[in-house]
Amino acid sequence: MEAFSACSPPHSDSDSPAHFRVALLTPGPISDAGWNAAAFDGLELIKDRLGAETAMVQTRSPADFEDSFRDFANRGFNLIFAHGYEYTDSAIDVARHFPNTCFVVSSGGAASENVASLTFKVDDAAYIEGVLAGGVTRSGIAGAIGGVELPSIKLTFDGFKRGFLSVRPEGHILISYTGKFDDVGAAKEAALAQISHGADVLIHDADAAGLGVFQAASQGHIFAFGTIRNQNDVAPEVVLASAVTSTADAFLKIATEVKEHRFQPGMLEFGMKSGMVKVILNPKLESRIPTAIIERARRDELTFN
């Protein structure tokens, strides 16, 4: 007898591409060129490769989380991605009532029979960015701007700090959180404040607000690093490299397994070893990084593979 995962209903006519339905919840706009845009890329890839019917909603507040989950589950969606740690509790609660629906929470903090947590080890790539930052800084001071102080963001900044201090042991990291992921102005102000305190290289993990960090870097004539999506072209005059997650590929992998009734929910983790996390240098600025530091970064990358 064939075994199915908890969120896979028995095979039926609904398994046809036209009846495979995938939804996405995002906490911010997909125009952010970062976190939310990466998730939307994944939804579009699923639609293109699997012929799935797709839908999405941007939740405005925690009060929307449960309602959105229930709406999609009641409408018969097979798989619901919720792109953010903050969705964890609501996903666990709602999933109990919809055992045939798969719920996947990006950076989630828990799992159940039909809820999976999808985590990318961005801290490994951030470590490499820290190495690069340590090689280009003159002041020995780097800045990090986050949105909400979430565990995943703290891990990213910790990775960056470890990489930076491995090159500049006497260096210092300034860390600020704006409390929001969509306030570009607040992120810019926080970044400018760090620049005024000597930071001459910045990293962000602030979703749409990260654009403010790039603006501050441009205004201060310093360098910055991108996260989650390849942001080298967002501000090509200041972004030295991007720590990129293959969110779209991970979403497609999960959706394929759900569609084929072989997905196993749990605490899923992807990193540099799986090729789902990488550091991409900005070819327009690569010459500004000492060759010895690039070589050092490439050697360090091998330790994560």
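The values are calculated or read from the model by the stated rules, or taken from the named source; none is laboratory data. Bear in mind the structure is a predicted one, so any value in this text is a computation, not a measurement. With ideal geometry, Cβ positions are generated from the backbone for all residues, glycine too; neighbour counts draw on all protein chains shown. Keep in mind that these areas ignore ligands, DNA and RNA; they rest on the heavy atoms of the full protein, side chains included. Shrake-Rupley method; radii C 1.70, N 1.55, O 1.52, S 1.80 Å.
Database remark: amide H of Asp205 closer than 5 angstrom to the amide H of Ile145, Gly146, Gly147 (H placed geometrically; neighbours at sequence offset of 5 or more, or on other chains; Pro and chain starts carry no H). Taken over region 12-123, the alpha-carbon convex hull comes to 105 cubic angstrom per residue.
For the chain, the share of accessible area belonging to carbon and sulfur comes to 50 percent (1.4 Å probe, ligands and nucleic acids excluded).
Calculation over all alpha carbon pairs of region 141-288 in 5 angstrom steps from 0 returns a P(r) of 2, 10, 17, 20, 20, 13, 8, 5, 3, 2, 0 percent. Of the GluC sites (Glu not before Pro) found in region 57-125, those in coil by DSSP whose Cβ has at most 15 other Cβ atoms within 10 Å are Glu113.
Near the amide H of Ala241, within less than 5 Å, lie the amide hydrogens of Gly226, Asn282, all on another chain or at least 5 residues away, with H placed in the peptide plane. With both residues required to sit in the chain, DSSP beta bridges show an antiparallel share near 15%. Calculated over the chain, the projected area of the Cα convex hull averaged across directions stands at 15.4 nm².
Top mean-square fluctuation among Asp158, Asp41, Asp71, Gaussian network model of the chain, C-alpha springs under 10 Å? Maximum among the listed residues: Asp71. Projecting the Cα atoms of Val238, Gly271, Ala193 onto the dipole axis of region 186-279, where Lys and Arg carry +1 and Asp and Glu carry -1 at the beta carbon, places Gly271 farthest toward the positive end. Estimated from helical segments only, the mean residue ellipticity of the chain at 222 nm is -12500 deg cm²/dmol, where each DSSP H run of four or more residues counts as -39500 (n - 2.57). Only protein heavy atoms count here; under a 1.4 Å probe, Val131 has an accessible surface of about 0 Å². Rolling a 1.4 angstrom probe over the protein heavy atoms with all chains in place gives the chain an accessible area of 42 Å² per residue. Can you bin every Cα-Cα distance in region 116-204 into 10 Å intervals starting at zero and give me the percent of pairs per bin, rounded to whole numbers? Bin by bin from 0 Å, the calculated values are 19, 47, 29, 4, 0.
Amide H contacts of Ile175 (H built 1.01 Å from N, in plane; Pro and chain starts excluded): Ala144 sit under 5 Å, all sequence-distant by 5 or more or on other chains.
If you model region 143-185 as an ellipsoid using its alpha carbon gyration tensor, with each semi-axis the square root of five times an eigenvalue, the axes come out at 22, 11, 6 Å, biggest first.
Across region 103-114, coupling constants 3J(HN,Hα) worked out from phi with the 6.51/-1.76/1.60 Karplus curve, θ = phi - 60°, read 10, 10, 10, 5, 6, x, x, 7, 9, 8, 4, 9 Hz, and Gly and Pro carry x. Its alpha carbons considered, region 92-134 gives a radius of gyration followed by a Dmax of 15.9, 50 Å.
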